[in-house]
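The values are calculated or read from the model by the stated rules, or taken from the named source; none is laboratory data. Fair warning: this is a prediction, and the values are worked out from it, not measured in the lab. For neighbour counting, all protein chains shown are included, and Cβ atoms are generated from backbone atoms with ideal geometry for every residue, glycine included.
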Amino acid sequence: MEATNGKVDLTKEKTASAPEQKEKQPKRHISIKAIGLVVLIAAVIGLAIFGVLKLMQWRNDGARFAAALSEQIGVSPETAQKYAHITLQNASEYACINQAAEQYKYLYESKRSVTVSGVKIPQWVIYVGEKNGTVTDVQYYNYAQLQKYGSGVNTKAHVDASGITTGMDPAAVQTYVGFQPLRISYTNGSKEEAYKYYYKDANTGNTVSYILKVTYEDDLAVKVTEEENQFILAVLMLK
C-alpha cells in the first residue's frame, strides 16, 4: 500500500485480492451427460409404468375378448380360445355365476371383482354357448355397471329410443345413449346390445328403470326395442 500526497492508493490492493477471492469460490459444473442420463432414466421408468397400465387394461378388456370369440362362432371352442388368446373355463370361482351359467359349458371372467347387493362377483363375464363341438353364441356381461344399483346405470332422464335409427353403428348408438351396454349378445350373423338404466321420475319421485335393446346386422342397427324393468315386483312377490 502506497501513499500519494497523503492519500492511500487502494488500487493495487483491490487488484491483488480479486484473484484470491475467485479462487476461494467453489466451482459448480453440471455435466450435460449427467442431465441426459437422468432424463433417459425418467423416460424409461415412465414408459415402463405406462406399459404395465396398458397391459393390465388389455387383460381386463372383456368386451374385446368377447368380440374376438364372436368371430369364431361355428368353430370349436379350442380354436376360438386360441384365436382370442385366452383359456376358457368350465366353471367360475363364484357360486352365483355358476348358477347363472347353467346353460353354458364355457365361460371366461375378469380377475377383478365388484360387489352387487352385498355379493362379490367378477367385473365382467363371457358366457360361451356350445353345441355338437362348435361355438353357437357368445354373451358378454359388464357386471361392473350393477355395483351401485341393480337396475343399471343412473341417468338423468328417460333415453328416447326413437333417436336410435336404422343404419347406426354400435359406436354411434353408445354415443347417443351415453353409456356402455350391460350385455352384448353375439350369434351367427347378428349382435344385440342391451342397455339397463334407471332414473328418478320428476313427477312422481319414483325410481324408474328401463331395458333398451338394439339389434345389429353387419354392425348396423336394424331393430330397437325397450321395456320398463319392473324390478319392484321381484321385491313385493315371492315365487
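Any residue at all in segment 164-172 that's more than 29 Å from Tyr104 (Cα to Cα), surrounded by 15 or more Cβ atoms within 10 Å (Cβ to Cβ) and touching a Gly at 6+ places or on another chain (Cβ under 9 Å)? Working first, answer last.
Here is the first cut: in segment 164-172, the ones more than 29 Å from Tyr104 (Cα to Cα) are 164-168, 172.
Subset that is surrounded by 15 or more Cβ atoms within 10 Å (Cβ to Cβ): 164, 168.
Subset that is touching a Gly at 6+ places or on another chain (Cβ under 9 Å): none.
No, that holds for no residue.
Output the qualifying pairs, or none if there are none: Cβ atoms under 9 angstrom, residues six or more apart or on different chains, first residue in segment 123-149 and at positive phi, second residue assigned to a helix (DSSP H, G or I).
So the pair list comes out as Gly133/Pro77.
Can you find a residue that is free of Cβ contacts under 8 Å to residues at least 60 places away in the same chain, surrounded by 14 or more Cβ atoms within 10 Å (Cβ to Cβ) and either under 29 Å from Glu78 (Cβ atoms) or in the same structural domain as Glu78 (by TED's automatic domain parsing) (or both) anywhere in segment 225-238?
Taking every residue of segment 225-238 in turn, none turns out to be free of Cβ contacts under 8 Å to residues at least 60 places away in the same chain, surrounded by 14 or more Cβ atoms within 10 Å (Cβ to Cβ) and either under 29 Å from Glu78 (Cβ atoms) or in the same structural domain as Glu78 (by TED's automatic domain parsing) (or both).
Quick check on my filter: what residues within segment 82-97 are surrounded by 13 or more Cβ atoms within 10 Å (Cβ to Cβ), without any contact (Cβ under 8 Å) to a residue 24 or more places away in the chain and polar (S, T, N, Q)?
Once the filter is applied, which keeps residues that are surrounded by 13 or more Cβ atoms within 10 Å (Cβ to Cβ), without any contact (Cβ under 8 Å) to a residue 24 or more places away in the chain and polar (S, T, N, Q), segment 82-97 yields only Gln89.
Might you let me know whether segment 158-166 holds any residue that is outside any loop (DSSP other than H, G, I, E, B) and either within 23 Å of Asn188 (Cβ to Cβ) or in contact with a Lys or Arg (Cβ under 7 Å, 6 or more places away or on another chain) (or both)?
No: segment 158-166 contains no residue that is outside any loop (DSSP other than H, G, I, E, B) and either within 23 Å of Asn188 (Cβ to Cβ) or in contact with a Lys or Arg (Cβ under 7 Å, 6 or more places away or on another chain) (or both).
Within segment 177-194, track down each residue that is crowded, with 16+ Cβ neighbours inside 10 Å and among the small types (Gly, Ala, Ser).
Ser185, Ala194
In segment 98-113, which residue that is part of a loop (DSSP other than H, G, I, E, B) and within 21 Å of the chain's Cα centre (by Cα) is nearest to Thr136 (Cα to Cα)?
Ser110
Scan segment 114-136 for residues that are modelled with pLDDT of 95 or more, of a type in the set (Gly, Ala, Ser) and outside any strand (DSSP E or B) and jot them down.
Answer for segment 114-136, where residues must be modelled with pLDDT of 95 or more, of a type in the set (Gly, Ala, Ser) and outside any strand (DSSP E or B): just Gly133.
When you go through (1) more than 24 Å from Glu71 (Cα to Cα); (2) in contact with a helix residue (DSSP H, G or I) (Cβ under 6 Å, 6 or more places away or on another chain); (3) touching a residue at least 40 places away in the same chain (Cβ under 8 Å) one by one for Tyr176, which number turns out not to apply?
Unmet for Tyr176, out of (1) more than 24 Å from Glu71 (Cα to Cα); (2) in contact with a helix residue (DSSP H, G or I) (Cβ under 6 Å, 6 or more places away or on another chain); (3) touching a residue at least 40 places away in the same chain (Cβ under 8 Å): (3).
Taking segment 70-97, which residues are out of contact with any strand residue (DSSP E or B) (no Cβ under 9 Å at 6 or more places or on another chain) and assigned to a helix (DSSP H, G or I)?
Listed by number, the residues that qualify are Glu78, Lys82, Tyr83, Ala95.
What do you reckon, is Asp219 touching a Pro at 6+ places or on another chain (Cβ under 7 Å) and exposed (fewer than 14 other Cβ atoms within 10 Å of the Cβ)?
So Asp219 passes the test.
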